[in-house]
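The values are calculated or read from the model by the stated rules, or taken from the named source; none is laboratory data. Source: prediction; values computed, not measured. Because the Cβ atoms are built from the backbone with ideal geometry, glycine has one as well, and the counts that use them run over all protein chains shown.
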Amino acid sequence: MRISELAERSGTAPATIKFYVREGLLPPAEKTGYNQVSYGEEHVRRLHLVRALVDVGGLPIARVRAVVAAVDDPGTGLPEVMGAAQRALPGHAAPWEPSAPSLAAVEHVVRSMGWEVEDGNPGLPQAAAVLDSWVALGRKDLFDSLGEYARAAEVVARADLARVWPDAADRDRSAETVVVGTVLGDALVAGLRRIAQEHVARVTRPVHQTSSPSAEEPS
């Protein structure tokens, strides 16, 4: 197909398509003659992936390039592809070295959940940094809710991976699914969380205890 058809099918301007090719996000078109090229279905699919990462996932071009490189490298396993997607996410790294108490609290929850993770998992310092920020506000009650958040996170993680296993025999499709589930999954969970927060706030309004006036004793 010509670039005009690719642009129409993908909803991407021709200039943007050429930019993605120059940046290594999209494979070059196949040369079919002098000054003529042809794009295929793989270009349509890749454009949808790139647009999703940029427009919905909010990833900068440099990070999308790293994710796409991991997807395209047949020697990169799915855990490594997932790691590349996690590192590409905004705010994936802790903004500072977390405190020992906060990091210990996160590690305790990980052990109590029976999770098997590498010591270098970026989520460990990231979660600990959140606890540090909470403590800086004079609050420590988030520590008591870590287990509940962890259980919710595991439910989400299982839903993420449930999309991957059916494609396990197709490495390229599995890699794409891992990337989409990791990057767009964050956006999906954030959106659903906002909806659920409003619902819970409406149906579980706090009850403020007030002392009822005592009955007057008869004179």
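Of note:
- Of residues in segment 134-161 being in contact with a helix residue (DSSP H, G or I) (Cβ under 9 Å, 6 or more places away or on another chain), farther than 16 Å from Arg193 by Cβ and of a type outside the set (Val, Ile, Thr), the one surrounded by the fewest Cβ atoms within 10 Å (Cβ to Cβ): Asp141
- Selection count where residues are under 24 Å from Gly57 (Cα atoms) and touching a residue at least 12 places away in the same chain (Cβ under 8 Å), scope segment 97-122: 1
- Among the residues examined, Val110 qualifies as over 30 Å from His43 (Cβ atoms) and of a type in the set (Val, Ile, Thr).
- Any hit, segment 111-119, residues being assigned by TED's automatic domain parsing to the domain that holds Ala169, surrounded by 13 or more Cβ atoms within 10 Å (Cβ to Cβ), aromatic (Phe, Trp, Tyr) and over 21 Å from the mean Cα position of the chain (by Cα): no
- Verdict on Glu107 being of a type in the set (D, E, K, R), farther than 30 Å from Pro27 by Cα and exposed (fewer than 14 other Cβ atoms within 10 Å of the Cβ): no
- Filtered residues of segment 1-41 (kept if modelled with pLDDT of 90 or more, exposed (fewer than 14 other Cβ atoms within 10 Å of the Cβ) and not in a loop (DSSP other than H, G, I, E, B)): Ser4, Glu5, Glu8, Pro14, Ala15, Lys18, Arg22, Glu41
- Test: residue in segment 78-93 that is closer than 24 Å to Gly185 by Cβ, surrounded by 13 or more Cβ atoms within 10 Å (Cβ to Cβ) and in contact with a Leu (Cβ under 8 Å, 6 or more places away or on another chain): yes
- Residue satisfying all of: in segment 169-219; of a type in the set (Gly, Ala, Ser), more than 27 Å from Asp73 (Cα to Cα) and part of a helix (DSSP H, G or I); modelled with the highest pLDDT among these: Ala196
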